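**Q** Input: one structure, supplied below.
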Amino acid sequence: MLDKEMTAAALRPTVLAVLAQGENYGYEIIKAIAETSGNQVEWAEGALYPLLHRMERQKLVESVWKTAENGRRRKYYRLRAEGQKELVRQKRQWSVTTELLTKLWGPEPCLT
Amino acid sequence: MFDLNRALQNWMAPFRVSHIYSSDDLMELESHLLDRMEVALKDGASEEDAFWMALEKVGDEPTLRRQYQLGWGELSWVKRFWRLLTNETVGFTSPGRRIGYAVARAVSLLVGLVAPVYLFALLVFLAAGFKLIEFGRPVYEQGMLFTVLWGLQGPFSWLPIRNWTGKISDWMRLGFAVASIFVALVFLLVHPDFHIGSGGLIGVLSISTAFSIGPVLWLLQTVSRGGYRVDYDSLLVRVSDRASQ
């Protein structure tokens, strides 16, 4: 299970990556992250929305309210062009970080 | 028997008392909670269990407050004041109603800021009419009576803005204290010979400023921190009572 600080750092690029796959709403974004991480990433799910709103203010994503089949209104978010650029930037940063840590810690032993 | 609507209202109640959550925010959180519940219900959980399981995942107000407070802090002060004015947690869907509501709140705030001056002036003239104070004598020589008049006007003047927050009493106390020190300094050090009728514009401005300090300080901190509209506990009790009727 990731600790809080690690989760907080990873949340932004994670959410951008999920939205890069297509328009989505809060609960499904959480579900995608949980499934992809094997439930290793956990946080107060309501905290996702302030992040989405911040990215909206920064013009990285845009939102639109839609009515679902069950009549419930949901706010869908989709990535904007600036969001795509930010995702590329985040990928670069995480690649640098991963490379650095791999060099310092050494590669994991291969079991095969 | 578990009442989902009441449980939702109780969960939402602390969100509604703070300006840092807009009506959109609350709709989004509620929708998320219900989506979570749907999954648990499909897995065979009871409605009550599904609610509590969803609540644990989504988080309650104290858990989410910090994150939303950061978002509030990133808004411009103009945007924050607009959200306070339109009281976005009420969630008007009609732009006309929202604007009308904002105008009413702005007027009530203005009345609350200006009324103390006029009420104090009215009390001063009434006191002069009954020969309790003299226009020709310096104010500081009649300080005790002015203090009494000051205290009398306070609760009545700020009634119009009371609906902005139940916490304003703290700011009234602070405002009175700061204003009293300010007025005392002006009258004793800057204009020791000040008496009603001689102060002119400076006198009126001094008094207006002094009376406005409390509400202005409250307004500044509310815009700054997205302060709380009414006392949370009493609101929760009212919501619970209404839901059980």
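Bear in mind that the values in this text are calculations on the coordinates, not laboratory data. What you see is a predicted model, and the numbers here were worked out from it, not measured in a lab. Cβ: placed from backbone, ideal geometry, glycine included. Neighbour counts: every protein chain shown.
**Q** Using a Förster distance of 22 angstrom, determine the FRET efficiency expected from the C-beta separation of B:Leu70 and A:Met6, and round it to 0.05. Numbers along the way, then the final one.
**A** Working: r = 19 Å, r/R0 = 0.85.
Once rounded, the FRET efficiency stands at 0.70.
**Q** Also: With a sphere of radius 9 Å drawn around the Cβ of B:Trp11, what net charge do the other residues whose Cβ falls strictly inside it have (Lys, Arg +1; Asp, Glu -1)? Provide the component values of the computation, followed by the final result.
**A** Values: positive: none; negative: B:Glu30, B:Asp60, B:Glu61.
Net charge in that neighbourhood comes out at -3.
**Q** Quick one: among A:Tyr25, A:Tyr77, A:Tyr49, which has the greatest mean-square fluctuation in a GNM of chain A with alpha-carbon springs under 10 angstrom?
**A** Fluctuation is largest for A:Tyr49.
**Q** Which three extents, in angstrom, do the Cα atoms of chain A have along their principal axes, listed largest first?
**A** 52, 28, 26
**Q** What average number of partner chain Cβ atoms lie no more than 10 Å from the Cβ of the residues making up A:47-58?
**A** Numbers: counts 7, 4, 11, 11, 3, 2, 9, 4, 0, 0, 4, 1.
The mean count of partner-chain Cβ atoms within 10 Å per residue comes to 5.
**Q** Sticking with this one: Can you sort A:Thr98, A:Thr7, A:Thr36 by how many other beta carbons sit within 10 Å, fewest first? Kindly include the intermediate steps, with their values, before the conclusion.
**A** Values: A:Thr98 10, A:Thr7 18, A:Thr36 13.
Arranged by neighbour count, lowest to highest, A:Thr98, A:Thr7, A:Thr36 become A:Thr98, A:Thr36, A:Thr7.
**Q** Calculate the mean, over all residues of peptide A:6-13, of how many other protein chain Cβ atoms lie within 10 angstrom of the residue's Cβ.
**A** Values: counts 0, 0, 1, 0, 0, 0, 0, 0.
What the average comes to for A:6-13 is 0.
**Q** Ok, one more. Can you give the mean number of other chain Cβ atoms that lie within 10 Å of the Cβ atoms in peptide B:26-32? It would help to have the intermediate numbers written out before the result.
**A** Numbers: counts 0, 5, 12, 4, 2, 9, 10.
So the per-residue partner count for this stretch is 6.
**Q** Going by how many other Cβ atoms sit within 10 Å of their own, how do A:Asp3, B:Asp35 line up, fewest first?
**A** So the ranking, lowest neighbour count to highest, is A:Asp3, B:Asp35.
**Q** Could you put B:Leu85, A:Leu48 in order, starting from the residue whose Cβ has the fewest other Cβ atoms within 10 Å? Spell out each step's value before the answer.
**A** Details: B:Leu85 19, A:Leu48 22.
Ranked by crowding around the Cβ, least crowded first: B:Leu85, A:Leu48.
**Q** Once both labels are modelled 7 Å past Cα along the beta-carbon direction, what's the A:Lys31-A:Trp65 spacing in nm?
**A** Distance between the two pseudo-spin positions: 2.2 nm.
**Q** Still on this structure, please answer the following. Report the GluC sites (Glu not before Pro) located in the range A:1-105 that are in a DSSP loop and have at most 10 other Cβ atoms inside 10 Å of their Cβ, or state none.
**A** Numbers: sites: A:Glu5, A:Glu23, A:Glu28, A:Glu35, A:Glu42, A:Glu45, A:Glu56, A:Glu62, A:Glu69, A:Glu82, A:Glu86, A:Glu99; in loops: A:Glu23, A:Glu42, A:Glu69.
Sparse-neighbourhood loop GluC sites (Glu not before Pro): A:Glu69.
**Q** Ignoring the sites themselves, what is the longest stretch of chain A with no trypsin sites (Lys or Arg not before Pro) in a DSSP loop and at most 14 other beta-carbon atoms within 10 Å?
**A** Values: sites that count: A:Lys59, A:Arg72.
Answer - A:1-58.
**Q** Ok, one more. So if R0 is 41 Å, what FRET efficiency would B:Tyr101 and B:Asp49 give, r being the distance between their Cβ atoms, rounded to the nearest 0.05?
**A** Numbers: r = 39 Å, r/R0 = 0.95.
So the FRET efficiency works out to roughly 0.55.
**Q** Moving on. When only Cα pairs under 8 Å and 6 or more residues apart are kept, what is the percent relative contact order across the range A:1-83? Write down the numbers at each step before the final one.
**A** On the way: 89 pairs, mean separation 27.3, N = 83.
Relative contact order, the range A:1-83: 33 percent.
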